[in-house]
1. Which residues of segment A:249-289 bury at least 30 Å² of accessible area once all protein chains are present, versus their chain alone (1.4 Å probe)?
2. Counting only other chains, and only Cβ atoms inside 10 Å, what mean value do you get across the residues of A:42-48?
3. Only sites in a loop by DSSP and with at most 13 other Cβ atoms within 10 Å count here; which trypsin sites (Lys or Arg not before Pro) in segment B:79-183 make the cut?
4. Measuring with a 1.4 Å probe in the full set of protein chains, what accessible area per residue, in whole Å², belongs to segment A:7-53?
5. Working with all protein chains in place, sort B:D382, A:D190 by solvent-accessible area computed with a 1.4 Å probe, largest first.
6. Compute the angle between helix A:78-88 and the longest alpha-carbon principal axis of chain A, please, reported from 0 to 90 degrees and rounded to the nearest 10.
7. Compute accessible area for segment A:1-40 by itself and then with all protein chains, 1.4 Å probe, and report residues whose area falls by 40 Å² or more.
8. For chains A and B, what's the summed buried accessible area, probe 1.4 Å, to the nearest 100 square angstrom?
Amino acid sequence: MKPAPFAYHAPRALDETLGLLARHGDEAKILAGGQSLVPLLNFRLARPAVVVDINRMSGLGEIREEDRQIAVGALVRQRRLEVWAQQGFPLLADALRYVGHHAIRTRGTVAGSLAHADPAAELPALLVCLEGSVVARSPAGHREVRARELFVSHLTTSLRPDELITEVRLPRLHTGAGWGFLEVARRHGDFALVGAAAVVSLADGRIAEPRVALFGCGATPVRASRAEAILAGQPPTPEAVVAAARDAAGALAPESDLHATAEYRRRVAQTLMVRALGLAIGRARGNGP
Amino acid sequence: MGARYVGAAVARVEDPRYLRGEARYVDDIKLPGLLHAAFLRSPHAHARFRGVDTARAAAMPGVVRVFTFADLEPFLKPLPVFGAPPPGLAERIRFTIRPTVQYALGPGIARYAGEIVAMVVADSRARAEDAAEALEVEWEPLPAVVEMVAAARPESPRLYPDWPDNVAVGFTHAIGDADAAFGAADVVLEERFRIQRYVGMPIEPRGVVAAFDRRDGTLTTWNSTQVPHFVQQGLATALGLPPGRIRVVAPDVGGGFGTKAAGYPEDALIPIAALALGRPVKWSEDRREHMMAAAHARHQVHEIALAARRDGVILAVRDHIWLDLGAYSGWGIVLPYNTVAHLLGPYRIRNLQVEVAAVVTNKTPSAPYRGAGRPETVFAMDRAVDCLARRIGLDPAEIRRRNYLGADELPWDLGMPYRDGNPLVYDSGDFRSALEAALAAAGYAEFRGAQKRLRERGIYQGIGISGYVEGTGIGPFEGATVRLDLAGRVSVATGAASAGQGHETTFAQVAADALGVPLDWVTVVGGDTAAVAFGVGTFASRSAVNAGSSVHEAATAVRAKLVRAAARLLEAAPEDLTIEDGRVSVRGAPGSAVALAQVIQASLPTFARAGVAAPDFEATACHHVPTVTWASAVHVVRLQVDPETGVVTLLRYVVAHDCGKVINPRIVDGQVHGGVAQGIGGALYEELVYDEHGQLLTGSLMDYLVPTAMEVPPIETVHLEYPSPRNPLGVKGLGEGGAISPPAAIANAIEDALEPWGVRVTETPVSPARLLALIGSRRTA
Ligand SMILES: Cc1cc2nc3c(=O)[nH]c(=O)nc-3n(C[C@H](O)[C@H](O)[C@H](O)COP(=O)(O)OP(=O)(O)OC[C@H]3O[C@@H](n4cnc5c(N)ncnc54)[C@H](O)[C@@H]3O)c2cc1C
């Protein structure tokens, strides 16, 4: 379990990093926290000719609070954001505590998890649920890639090989919104078998702006758009929630693997969606004006 | 009275170095000029290969040598095999035993994915791996034999073409008259249970370093093994060197669990490479190799039937048992016979009929793992008993009350031989009291009330029981040498290598008490063949019984030598002397006390005088252990099931156990906890999964799920001490017991929680998906 030979660069300046990525194209791999890439290297499942270690770069380690969103630098570790979020962004803290274990979150980055795009990972689902985005830089300039365009398939994003994520943008919840984030994993710290993230607001006693993302049950995190449409404007009753969840589960195309069958994932996605929406509605009631 | 250590919860003396990260494992051995080995392993489960083309690999940077079968043929002897039936057993049971011949490097055929095809030695491990990738092999795949029950059928493709089928060990056995009992029964319960393939997963994988010293012709090898003396004997045969020229050292070993008690190809290949190259060579197994090439375990199918009276009294058991051995049968009757010998456990059953087939398949070879046949057989039996209880409407605790043996019935003769050929007689214990103690500690009676109330609120909790009686401390002996230095400090050496169990503490307690010295005067060395001439090793819950007794015997002999010398020095009769806290005195005259150091020094000659006695304060013992002692326990677990997700959460775990005289309750607790954790792994998480081509699908710890601290609930232990009459310390083995009952107890508790749906758990691990499918099928039915 030693990686195949590769050339190693640890640039400090953005230009240098982008230059290396542009020069080596898909021969190169960015190394951030290494919590996903290093196992792939050691199994020789990834055999990049060049590894570009971004850990010495400056200016990527900030969490910036803006009015409507927070901007998380590419080298912000998951654990740091978790601690930060415990105060003002509990949904974020809820999601992050499911990511691996303490030690892993202490190295693993928020941006790295999104770039890795594991469909059973928590942060991609969260980004989809919050309608967040990433900022990608290349020698050609920068662009903002929204969650729904970012995740293409299993471990595949729409980022080009010469693009570096420099920042992750996570919109804040509206005042009064409630949230729920739940998952089932084989053990604490494992990737989810299946999970659900939900955000709702209540307006005049009816559901407003519901947003649900399901994970572990498709090639990417799945936004339950049709179920959201079913819920919007409904009174927040268990029947409405179950009807929406049943619709969402019916539209899933999960796969079977060693740890769970497709059937299991579909059923439990429905269960977790019901429960996450229940939590979200309860919190919206508690938070409401 | 001086200090007494046996029975006291003294802190483990080995822990500071473990906790500070200062323990020294095989991978920490660094020698000048060290080379590194990597292996090419078969990607096929079953395939012939012609020649290995080494040209490209041999030319790669850093590569020193590539070895194939052809290069090493003169060195390669079949790997050692164990488990021939001893005389007392061979007379009673007719075994069919077909030995398999396994070479360290396969001569043209691979019988499991992971079997070694070639070895590369290079100046770094990474370069050795690069070169191993570049080896070219021409493969001719053969049909893979994967599923054990199908493999046992005569029409199955065979691993060994000259055999009539794939059965490596087969036998039938009966006690009493099962047919008559089944004929007379009110109730017959039949069920089929499958126990998955799973195994101990030591945090430290295996590793071997070897160095040959041309100056004195000695080979030293460091090996992460439980059995250094076995490795020494194996090398003596393979290399044609006398044992004294081969030193095997097991330094700190990070877990063994049986995985490191087997004889492995790498044990021989690394020393052979060191000899051939004249340079030291290291191989550190990585996790990927460990998953596919270190021994696997468990994996049985039982078709079991119980005959019972309406009141729940069990009259007879029939069991048809298959064991999946993997590609080679290195352990003979050990696993199949253990399985049979532990089937009846604490139950008062006089009629038994079994048919056993231990089958070879194209999978990684298996070896005894913590419990070695017992967890499997207890799963079949205790699951069947719960099914029977449910059938006749008895509480699972009550059916056990009616069938468990009590103290008044011991010693209990099962009427069959044990694996060592001696009569299988439970020596001591009280299984009914253990049951009551465990039930009381778990709050069984109160739980039944709470369970009902919770169920009304949609919360499904369950409680499960499992008990076992375990033959522990298999002999025939372990070697121990006790020796004093000039200051009276004690060194104890034994063949019972430690893999973290706490030997350095327990054996020091035993020696300190026998000698009458403070605990911190004693240093224990295990796992060095140079320190003790004869040894067996640590496995089968044998070290306290075997090594403990030998340490006691040797220390007692040294004490006698001290007393003899002190008697001369003090001009007193030996029988009037006592040794306490490292000082000898005449009984009743504390003023006469002299330090042991003085006695020892007085035994050495000076210019002025001869010594008072022979300066010999050393003794070696190999205490004879003809047969096992019987430890026992009852486990009770409480858990909660989420019927919407199939997730099981363990709430409480109680173990009431008897390991005879407890040497150190803290160490005993630790051993129980570790065993229970591994049993929880077997119940809920761990499985080595193969596909139909014999490819291992769970090749990493991402997919093979070992429970972590988060999955293990609080464990309470109740120590019941029924000293064994079979050894001087009154001890019984304890290392394995914790792992035996959890799968049965947890499966029983899951069924108990889901009783409204009549869910039946017939296989482990009970994953959420498996459980939800069971619930679903019952709910819709
Ligand atoms: C035992 C274990 C358990 C885990 N459990 C979970 C879990 O439950 N849930 C979960 O979500 N994750 C889990 N992880 C993965 C962990 O969250 C990783 O940290 C994360 O997936 C990747 O982040 P990283 O910083 O370590 O990235 P790396 O491993 O360094 O890189 C991952 C990928 O992202 C790319 N990349 C990294 N940074 C950038 C960037 N700025 N721009 C463009 N591309 C980039 C890399 O090139 C690589 O392809 C686990 C990991 C381990 C080892």
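The values are calculated or read from the model by the stated rules, or taken from the named source; none is laboratory data. In this text, all values refer to a predicted model and were calculated from it rather than measured experimentally. A quick note on method: Cβ atoms are made from the backbone with ideal geometry, for glycine too, and the neighbour counts reach across all protein chains shown. Protein only, heavy atoms only, side chains kept; ligands, DNA and RNA dropped before computing areas. Shrake-Rupley method; radii C 1.70, N 1.55, O 1.52, S 1.80 Å.
1. Residues losing area: A:L258, A:H259, A:Y264, A:R267, A:T271, A:R275.
2. Per residue, the average neighbour count from other chains is 2.
3. Filter output for segment B:79-183: B:R92, B:R94.
4. 50 Å²
5. A:D190, B:D382
6. The angle comes out near 40 degrees.
7. When all protein chains are present, A:M1, A:K2 each give up 40 Å² or more of accessible surface.
8. Chains A and B together bury roughly 2400 Å² of accessible area.
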